[in-house]
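A short worksheet on the structure shown next.
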Number of protein chains: 2
Amino acid sequence: MQFDFTFQNYTKIYFGKTALSNLKDELKKYGNTIMLAYGKGSIKKIGLYDELIKIFKEAGKNVVEFSGIMPNPTAAKVREGINLVRENNVDFILAVGGGSTIDCVKAVSMGSANDVDFWEHFYMNYNIPEKKIPFGTLLTMVGTGSEMNGGSVVTNEDVKIKTGVVYPNMMPDFSILNPEYTYSLSKFQMVSGICDMMSHIMEQYFSVSDEDNVSDDLSEALMKNIIRNAYICVENPQDYNARSNIMWDATLALNTLIACSKKGDWEVHNIEHQISAFYDVTHGMGLAAISPSYYRFIMDYGLSKFKKFAINVFNVNPEGKTDKEIGLEGIDKLEEFFKNIGATTKLSELGVTNPEELDKIAETCYVSQGAYKVLTADDIKVILRNSL
Amino acid sequence: MQFDFTFQNYTKIYFGKTALSNLKDELKKYGNTIMLAYGKGSIKKIGLYDELIKIFKEAGKNVVEFSGIMPNPTAAKVREGINLVRENNVDFILAVGGGSTIDCVKAVSMGSANDVDFWEHFYMNYNIPEKKIPFGTLLTMVGTGSEMNGGSVVTNEDVKIKTGVVYPNMMPDFSILNPEYTYSLSKFQMVSGICDMMSHIMEQYFSVSDEDNVSDDLSEALMKNIIRNAYICVENPQDYNARSNIMWDATLALNTLIACSKKGDWEVHNIEHQISAFYDVTHGMGLAAISPSYYRFIMDYGLSKFKKFAINVFNVNPEGKTDKEIGLEGIDKLEEFFKNIGATTKLSELGVTNPEELDKIAETCYVSQGAYKVLTADDIKVILRNSL
């Protein structure tokens, strides 16, 4: 563990089939007015909405609803939530859904508790939130890891910027993780989440320090667990054991555990964020489309790590091959894995086709300083074209 | 992840060469009177004592000293600490040392903050502590994992009982982990710690649920990291990278991460605890001496897991071998590893020789209900004799 680090994660996780039974006791810790935040109503279809309303009533709480949170939540939606919290003196927010709902709630929490413009103060100028409205999550989609970290990604449509922040004090107070609530997801959504969690791990794994370290070993273990269980989930989406492994993998992929002593890259996420500021692309699918060409582009700058990845994660047989051949075979296997589970590995299939807009994306991408190679805009243009 | 679980760990970790620089800011959160708890003065030899006194002074704190905490801390020593806290109105305790010092401080924290007899109330009758005196740790020995969990083991010499408790609210508020502070440890102490952390992982790994699960995969990654880095540490105790990996492995081995969805065995620890109630045995060495014969004894009851262990952790080649041969070869490799790094793998070498006392130990051992085989006293007698 070459680089010094600080680690703390206070989110309480309730995991499994009985996880929701803990909600009532958790709610006792907070005031009387609860905001129920959710997306487009899928929680009503699976009966979760009625169950939650019943629990709130039994706990004697008033409920304020904040619904219609969209994928890639917008700054406008966050402002709507902030107004709702202020008008109703909300004491606690329960985010029910996936990363978009949770990220939106984090922005609402910091934006409503502090007397500032949330976008300028927290997302543009990175001031650490002094106060928060406490919040918990109930996860129905898996992949972003937002249920156990202080990260939040919001899209400001006015200025076409999708950007993320990470504040250690914006972790959920608790998260309820029942794999069964993810059964109703479409295969597209499930696979997109799997690509997202794989990318989270790779963004941390493919970065210094690269000496023998615990974080990389845990990363490899998580990636192998994801690959093995993803195939089972695609075959049988109601395999509880596989869905539960995938759910916990996703949480651990981004709760900062495997970031300990790692600088982190995050360039694939940077590029994808800019793509989805221009196109309506599902995050995980965008990552799957960019990753292979990005990693082929930077492979020479971190060759020994790509060799390790190929051998340890994808069981590439190194015999009689050069390091470069081994590394490339690993990236080929990664692309093959994405394809096999049904992910889109071409940007063109996601509707991203306009070369002029590609150039604009390349020029507006945030460039990671933690990557094996610090990219130029021209580099990003090549990567984007190779991803078409 | 077949079994439902709850996970929360709030301890803040400062890790690395500059970790101590965070102490001053941490102390600002607490009142004026700090108790400095430590062992037999090795912190004076390495200059840490002077450094800490300087930091306390700069932070404007009064210091109360609580020194002479012994390996296997006694109930009598805990009572001494409780009296010191009460007499001096201590606001915060800093435990500097290894697991013994930290475990003692946890007992002092709960015992002094609550108006009860600490031994009867917390260690015999398992009442969750309502209050605590806040405390942090600065680790100079590695192995117990006490720096990031709510566990505490205390020995009551009057009744010859060494017993452990785990309370989720008795985790340290922060822990300072600088691998360099462990350089001055003797090889015996270093190796003992390595045996301890390996045992912690195996106690969790060798238990249900045994389906494909994330916790077992992380356990295997940690065990392989320990084995690889232990050899480097023994060769060159000042190899920062290896010592830092071992230090972080030990913390993650017992911060409840790899316990998620696992029942846990802990029978090796149960037996060792009773041995050290009778003999002055170093904990890690006692574990190393018992583990091989214990695992050989229970192997048939969890054979597929022992096969997995042999292949995944010790690279046993399974070709042309029965499952039992593979499993036994894995346990042989474990014993070989302990021997190679200089651990004692025979109880007789630790001074445990009296057959009559062995029987008494066997009859007074706490028997785990989470093990592959629930042992009888006669089973434990066989295991102890095979460990001589």
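Could you give, in nm with one decimal, how far residue A:359 is from each other copy of that position, shortest first, with labels 7 Å out from Cα toward Cβ?
Label-point distances to the other copies, shortest first: 9.2 nm.
Given labels modelled 7 Å from the Cα in the Cβ direction, how far is it in nm from residue B:349 to residue A:278?
Each label point lies 7 Å from its Cα, and together they span 6.6 nm.
Would you work out which of B:309, A:118, B:281 lies farthest towards the positive end of the dipole of the protein assembly as shown, given +1 charges on the beta-carbon of Lys and Arg and -1 on that of Asp and Glu, about the Cα centre?
The residue sitting farthest along the positive end of the dipole is A:118.
Using the structure shown, list the pairs from B:263/B:307; A:61/B:29; A:162/A:360; A:262/A:307; B:307/B:373 with a Cα-Cα distance above 22 Å, or answer none.
Among B:263/B:307; A:61/B:29; A:162/A:360; A:262/A:307; B:307/B:373, the Cα-Cα distance tops 22 Å for A:61/B:29.
List the GluC sites (Glu not before Pro) within the range B:158-261 that fall in a DSSP loop (any state other than H, G, I, E or B) and whose Cβ has at most 16 other Cβ atoms within 10 Å.
Those that pass, being in a loop and sparsely packed, are B:211.
Give me the dipole magnitude in Debye, nearest 20, for the protein assembly as shown about the Cα centre, with unit charges on the beta carbon: positive for Lys and Arg, negative for Asp and Glu.
780
Output the direction-averaged projected area (hull surface divided by four) of the convex hull of the alpha-carbon atoms of chain B, in nm².
For chain B, the mean projected area of the Cα convex hull comes to 18.0 nm².
Would you calculate, for chain B, the mean residue ellipticity at 222 nm contributed by helices, counting each DSSP H stretch of 4 or more residues as -39,500 (n - 2.57) and dividing by all residues, to the nearest 500?
After summing the helix terms and dividing by residue count, I get -15000 deg cm²/dmol.
Rank B:92, B:81, B:49 by how far each Cα sits towards the positive end of the charge dipole of the range B:47-105 (+1 on Lys, Arg Cβ; -1 on Asp, Glu Cβ) and give me just the farthest.
B:81
Going by Cα centres, the range B:140-166 and the range A:272-330 are how many Å apart?
That distance is 46 Å.
Taking each label point as 7 Å beyond Cα in the direction of the beta carbon, state the distances from residue B:115 to the same residue in the other copies, shortest first, in nm.
4.3
When we measure straight from the Cα of residue B:160, which aspartates and glutamates land under 20 angstrom away, once same-chain ones fewer than 8 places off are left out?
B:80, B:103, B:117, B:120, B:267, B:272, B:280, B:356, B:357, B:359, B:363
Quick one: dipole size for the range A:12-182, taken about the Cα centre, charges +1 on Lys/Arg Cβ and -1 on Asp/Glu Cβ, in debye to the nearest 20.
Using only the charged Cβ atoms, the result is roughly 340 debye.
Quick one: dipole size for chain A, taken about the Cα centre, charges +1 on Lys/Arg Cβ and -1 on Asp/Glu Cβ, in debye to the nearest 20.
Value, rounded to 20: 940 debye.
What are the ³J(HN,Hα) values, in whole Hz, obtained from phi via the Karplus relation 6.51 cos²θ - 1.76 cosθ + 1.60 with θ = phi - 60°, for each residue of the range B:124-131 in sequence order, with x given for Gly and Pro?
Per-residue couplings from phi come out as 9, 10, 6, 7, 5, x, 7, 10 Hz.
Select from A:155, A:298, A:358 the residue farthest towards the positive end of the dipole of the protein assembly as shown; place +1 on Cβ of Lys and Arg, -1 on Cβ of Asp and Glu, and compute about the Cα centre.
A:155
Given H placed on each backbone N at 1.01 Å, which residues far from residue B:137 in sequence or on other chains put an amide H within less than 5 Å of it?
Amide H neighbours of residue B:137, under 5 Å, 5+ apart: B:95, B:174, B:175, B:176.
Note the distances from residue B:159 to each other copy's matching label point, with points 7 Å along the Cα-to-beta-carbon direction, in nm, sorted shortest first.
Spacings between copies for this position, smallest first, are 6.6 nm.
Can you pull the Kirkwood radius for the protein assembly as shown, inverse mean 1/r over Cα pairs, to one decimal in Å?
Result for the protein assembly as shown, one decimal place: 27.6 Å.
Readers should treat all values here as calculations from the given coordinates under stated rules, not as data from a laboratory. Note that the structure is predicted; figures quoted are calculated from it, not measured. A quick note on method: Cβ atoms are made from the backbone with ideal geometry, for glycine too, and the neighbour counts reach across all protein chains shown.
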